Each structure stands twice: as C-alpha cells, then as structure tokens.
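Structure first, then comments.
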Amino acid sequence: ARHAALRGCVLSFRANPFLTEPEEALHVEEDGLILITDGKITHCGPYSQTRSFLPAGVSVTHYPGKLISAGFVDSHVHYPQLPVIASWGEELLAWLQQYVFPAESRFSDKQVAQAVAKSFLSELLRNGTTTAAVYCTVHPESVEAFFEESERLGTRMIAGKVLMDRNAPDNLRDTALTGYEQSRTLIERWHGKGRQLYAITPRFAITSTPEQLELAGDLYRSRDDLFMQTHLSENREEIATVARLFPNSNSYLDVYDKAGLVGPRAIFGHGIHLHEHDFQHCHDTGCALAHCPTSNFFLGSGLFRLFDAKAAKRPVHVGLGTDVGAGTSLSLLATMGEAYKVSLMASPQRLHAIQAFWLATRGGAEALHLEDRIGSIAPGMEADLCVLDPQATPLLALRTHESKTVADMLFVLMTLGDDRCVEATWVNGQCVHQRSQPDA
Ligand code: GUN
Ligand code: FE
C-alpha cells in the first residue's frame with residue numbers, strides 16, 4: 001500500500017456556515033495529522049493522538065505555521081481561454097466574437113490542445129485547485145488532450161466537449177447529431193475512467209438549436225451520474241437574445257428545463273439576473289449555480305445575489321468559479337476576495353471568510369454532488385489537499401501576525417492572497433506541487 005502523512009494546522013468543516021454560525025461550522029486542529037493510504041484519508045486528528053496510527057517507516061511531511069485545507073473546487077472554467085485571459089474592451093457577446101472564438105478555433109490541432117491543457121492544469125495545481133468543471137472546445141481532440149493530462153496527474157476533473165450548432169463561426173460548429181455522437185463516444189471513453197468525469201456541455205442557449213438542446217437532454221438523462229454544464233443569465237443583451245430565440249419559454253432557465261437539462265449535477269455558470277421562481281426551481285431540482293465574481297466584474301455582467309441564492313428557506317447549491325478567460329485569476333483565494341466585495345454591493349449581508357472557504361471546498365463539492373469523495377478532510381475522503389502559507393509575502397506576514405482568530409487570518413488570505421500563498425498541493429495522496437523557495 002502507498003502511505004503518506006501530513007502535519008500542520010488542519011481546517012475541516014463540521015457544518016454549513018450559511019445555516020450555522022460560521023465559527024461553529026469550522027473545526028481547527030492546531031497541530032493536526034492527516035494519514036493517507038492509497039490516495040484516501042484514513043485518519044485525521046490531533047498529532048499527539050493520531051501519530052499512534054502512523055504505519056512504521058512512513059515519514060511525516062511537516063508544515064509548521066501552515067494551514068492545510070481540502071483542495072479548492074473551481075465549478076466553472078474554460079481551459080482553452082487561458083491564452084486570451086485579460087483581453088481588453090468588450091462585454092460578453094462581442095468579447096466571445098472578438099477574442100474567444102478565434103482562440104478556440106486553434107484547438108482542432110491536438111498539439112495546441114495538449115500544450116494548453118498542460119499549462120492550465122499546472123496552473124490549477126499552483127493555485128491549490130484540485131477539482132474543476134472545465135469547458136473544452138467543440139473539437140473532440142480538445143477533450144482527449146485535457147483528460148489525458150488530468151489522468152497523468154491523477155486529478156479529479158469534470159470536463160466536456162462544447163456543443164454549438166448555430167451563431168458561431170463555421171469552424172466552431174457541430175450539428176445536433178454530430179455533437180450528440182461525439183459526446184457519446186467521449187462519455188464511453190472517459191466518464192468514470194480513473195478520476196475523470198464527463199459533463200455534457202452546450203455552451204449556452206444562443207449557440208444551440210432547440211434540437212441540439214433536446215439531444216443534450218437525452219444524453220444527460222441516459223445515465224444518473226453524468227454532469228451537465230452551461231451558461232445562464234449572465235448578461236442583459238444575452239438574456240434578450242435568448243428570449244427572442246426561444247419565444248415559447250417562460251424564462252432563460254425554462255429553455256434548459258424544457259430540454260430536460262435541469263437536475264442534479266447540472267451546473268449553471270453565472271445566474272446573475274435570476275428571479276425568485278428560478279431560485280426556487282434550482283432548489284427543487286438540485287442543480288447548481290457557479291458564482292464567478294472576477295468574470296462578472298471583468299465583463300461588466302452584474303452582481304450575483306449569493307445570499308438570495310443561499311436563503312435558508314430554499315437554499316440553492318452554489319460553487320465558486322474562476323471562469324477564466326473572462327475571469328481574471330485562476331486563484332480561488334482571489335475569487336473569494338472578489339466574492340466578498342460583490343456581497344457588499346449586492347445585499348446587506350457580508351460574505352464571512354469561513355463561508356467563502358466553505359464555498360471553495362465543501363460547498364463546491366456539495367454543489368457537484370461529489371461531497372462523499374472530495375471537498376473535506378475526513379476519513380474515507382480522497383486525499384486532495386492544499387497547504388496555505390499565511391506568511392507568504394512580507395505584507396501577509398505583517399498582517400497575519402496581528403490575526404487573533406483563524407477567521408481573521410482566512411479573511412486576510414482571501415483579500416491579499418493568490419498562488420503565492422499555496423505552499424503545496426496534494427492530489428490522490430501525492431504531492432503534485434511544491435512552491436519553490438523565493439530568492440533570498
Ligand atoms: N457565455 C457563453 N460562452 C461563454 C464563455 O466562454 N464565457 C463566459 N463568461 N460566458 C459565456
Ligand atoms: Fe464561462
């Protein structure tokens with residue numbers, strides 16, 4: 001058997017901090033020990049007690065002064081858009097035409113896809129992200145390249161081929177039937193292979209005909225363990241276009257609902273301009289919304305109403321998404337920091353640091369219905385971990401020196417932190433990223 005052990009300050013959630021006092025929801029084990037066998041956590045507790053379970057000859061990786069969290073979950077991101085992150089001047093629809101479609105057309109070349117997939121996954125790990133729901137392009141090669149690299153690294157990834165059969169350039173369109181057949185082949189090849197999971201991925205209602213959405217719905221319902229991801233209610237012009245293209249639907253969400261695309265393991269990016277009946281329907285069906293604050297600022301899309309979505313009377317699953325290339329960072333720490341600012345602009349409530357870290361870990365895992373496997377540090381869970389350094393920079397060290405509580409330290413990390421704060425990332429019980437020492 002393959003053993004590993006990590007020692008440090010271990011953060012784990014005992015409850016949902018949107019339904020319980022945040023301070024009570026988070027358990028902090030100041031000097032904790034995590035034992036891992038064959039990629040799964042077997043023990044977690046105080047070092048003084050848990051060390052007795054340490055198998056003979058297994059060395060402990062000690063992270064003094066560091067925080068050990070479950071690996072971060074990014075619930076919405078586009079790997080082919082890494083090369084066009086930070087592209088100036090447009091809102092959603094023009095930005096897609098001007099920057100995104102030309103960039104995605106290069107992915108018919110598998111070598112391009114392989115190179116970008118490699119850079120992207122390496123960036124995710126540098127940022128402490130161990131699971132992501134990822135859009136590829138319309139080309140099956142882009143999916144092959146992504147899963148091959150994820151399989152090599154041992155990461156648990158959700159990904160799928162983008163479906164687009166209208167309102168896109170010729171070289172980026174499939175048809176309702178070829179998109180269906182290609183997706184089916186990719187599902188057979190990759191869904192459940194090692195740690196890889198497949199998401200049926202119609203880009204959004206504007207770029208799919210009703211026929212394509214119908215077939216996507218057939219595929220989604222053909223098994224009870226497939227994911228579905230798309231965009232929903234992000235931008236006013238987009239919403240007006242969808243209303244014109246689907247005159248018989250009552251709302252944007254209803255377009256997807258009529259096609260049978262709303263249910264558990266369906267992840268809707270953005271959901272900014274939703275109404276109460278939409279939130280209620282999301283709650284009733286168990287689907288998830290991906291909150292993408294850096295993207296929503298960057299494209300000027302609007303403010304996601306997180307505390308409406310999480311209302312205790314009918315809570316909706318919410319994960320955090322970076323949405324790169326519209327998002328401006330692959331860091332979930334930076335994304336949490338922006339989510340805090342959005343909460344101030346959108347509601348009287350303020351996102352608490354412990355709520356933010358829950359969204360980035362356990363909450364994200366629940367949104368994806370993967371909470372039995374990832375998102376927390378407990379026996380039986382897959383050993384995907386992120387080690388954070390509260391003293392990563394001189395300013396962070398100065399500021400966290402003043403922190404009297406872990407919540408304060410976490411707030412400083414999400415406000416000032418990014419990839420520089422990720423000391424190490426572990427996937428499936430193996431260290432896959434170790435930050436290099438800064439030059440003295
Ligand atoms: N809506 C449809 N496609 C996209 C995309 O690639 N990024 C974002 N942010 N919104 C979209
Ligand atoms: Fe997106």
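The values are calculated or read from the model by the stated rules, or taken from the named source; none is laboratory data. Computed from a prediction, not measured in an experiment: that's the story for all the values here. Positions of Cβ are backbone-derived with ideal geometry, glycine not excepted, and every protein chain shown enters the neighbour counts. Keep in mind that these areas ignore ligands, DNA and RNA; they rest on the heavy atoms of the full protein, side chains included. Shrake-Rupley method; radii C 1.70, N 1.55, O 1.52, S 1.80 Å.
Name the residue that is surrounded by the fewest Cβ atoms within 10 Å (Cβ to Cβ), counting only residues in the range 37-49 that are over 24 Å from the mean Cα position of the chain (by Cα) and in contact (Cβ under 8 Å) with a residue 60 or more places away in the chain. Full working, then the answer.
Of the range 37-49, the ones over 24 Å from the mean Cα position of the chain (by Cα) are 37-38, 42-49.
Right, trim to in contact (Cβ under 8 Å) with a residue 60 or more places away in the chain and you get 37-38, 42-44.
Working: Thr37: 17, Asp38: 12, Thr42: 19, His43: 18, Cys44: 22.
Once the filter is applied, the top-ranked residue is Asp38.
Tell me the helices (runs of 4 or more DSSP H) entirely within the range 274-385 that contain at least 2 residues that are under 18 Å from the mean Cα position of the chain (by Cα).
293-298, 306-309, 332-346, 353-360, 362-367
Which one of the conditions (1) surrounded by 15 or more Cβ atoms within 10 Å (Cβ to Cβ); (2) under 30 Å from His283 (Cβ atoms); (3) touching a helix residue (DSSP H, G or I) at 6+ places or on another chain (Cβ under 7 Å) does Cys386 fail to meet, given that it meets all the rest?
Answer for Cys386: the failing condition is (3).
Looking at Ala117 and the list (1) open to solvent by less than 60 Å² (accessible area, probe 1.4 Å); (2) within 15 Å of ligand 2 (Cβ to nearest atom), which single condition is not satisfied?
(2)
Show the residue pairs that are 6+ apart or on different chains and have beta-carbon atoms under 8 Å apart, the first residue being within the range 393-407 and part of a helix (DSSP H, G or I), the second being among the polar types (S, T, N, Q).
What qualifies is Ala397/Gln391; Thr400/Gln391.
Name every residue in the range 218-231 that is open to solvent by 60 Å² or more (accessible area, probe 1.4 Å) and in a helix (DSSP H, G or I), in order of residue number. Spell out the reasoning first.
First, pick out the residues of the range 218-231 that are open to solvent by 60 Å² or more (accessible area, probe 1.4 Å): 218, 221-224.
Within the range 218-231, Asp218 is the sole residue that qualifies.
Identify all residues within the range 92-116 that are closer than 18 Å to Glu149 by Cα and of a type in the set (Ser, Thr, Tyr); write none if there are none.
Ser108
Touching a strand residue (DSSP E or B) at 6+ places or on another chain (Cβ under 9 Å), away from ligand 2 (no atom under 16 Å from the Cβ) and assigned to a strand (DSSP E or B): does that describe Ser48?
no
Which residues, counting only those in the range 307-327, are open to solvent by less than 10 Å² (accessible area, probe 1.4 Å) and either in contact (Cβ under 8 Å) with a residue 40 or more places away in the chain or of a type in the set (Gly, Ala, Ser) (or both)?
Selection gives Ala309, Val318, Gly319, Leu320, Gly321, Thr322, Asp323, Val324, Gly325, Ala326, Gly327.
Can Asn235 be described as of a type in the set (S, T, N, Q) and either within 28 Å of Ala176 (Cα to Cα) or over 23 Å from the mean Cα position of the chain (by Cα) (or both)?
So Asn235 passes the test.
Could you say whether any residue in the range 92-115 is on the phi < 0 side of the Ramachandran plot, within 15 Å of ligand 1 (Cβ to nearest atom), part of a loop (DSSP other than H, G, I, E, B) and not assigned by TED's automatic domain parsing to the domain that holds Val10?
no
Is the range 58-81 home to any residue that is open to solvent by less than 10 Å² (accessible area, probe 1.4 Å), of a type in the set (Phe, Trp, Tyr), within 16 Å of ligand 2 (Cβ to nearest atom) and within 22 Å of the chain's Cα centre (by Cα)?
Within the range 58-81, one or more residues are open to solvent by less than 10 Å² (accessible area, probe 1.4 Å), of a type in the set (Phe, Trp, Tyr), within 16 Å of ligand 2 (Cβ to nearest atom) and within 22 Å of the chain's Cα centre (by Cα).
Does Gly300 fit the bill of being surrounded by fewer than 21 Cβ atoms within 10 Å (Cβ to Cβ), on the phi > 0 side of the Ramachandran plot and within 16 Å of ligand 1 (Cβ to nearest atom)?
Judged against the criteria, Gly300 is a match.
If we keep just the residues of the range 232-263 that are closer than 16 Å to Asn296 by Cβ and aliphatic (A, V, I, L, M), which is most open to solvent (accessible area, probe 1.4 Å)?
Looking at residues that are closer than 16 Å to Asn296 by Cβ and aliphatic (A, V, I, L, M), I get Ile239.
Which of the numbered conditions does Leu306 fail, given that it passes all the others? Conditions: (1) touching an Asp or Glu at 6+ places or on another chain (Cβ under 8 Å); (2) away from ligand 2 (no atom under 13 Å from the Cβ).
Among (1) touching an Asp or Glu at 6+ places or on another chain (Cβ under 8 Å); (2) away from ligand 2 (no atom under 13 Å from the Cβ), Leu306 violates only (1).
Could you check how many residues of the range 17-26 are outside any loop (DSSP other than H, G, I, E, B) and either open to solvent by less than 50 Å² (accessible area, probe 1.4 Å) or modelled with pLDDT under 95 (or both)?
3
Just one of Ala132, Ala86 is of a type in the set (A, V, I, L, M), closer than 22 Å to Pro202 by Cβ and either modelled with pLDDT of 95 or more or within 16 Å of ligand 1 (Cβ to nearest atom) (or both); which is it? Step through it out loud before you land on a result.
Details: Ala86 fails: closer than 22 Å to Pro202 by Cβ.
Being of a type in the set (A, V, I, L, M), closer than 22 Å to Pro202 by Cβ and either modelled with pLDDT of 95 or more or within 16 Å of ligand 1 (Cβ to nearest atom) (or both) holds for just one of Ala132, Ala86, which is Ala132.
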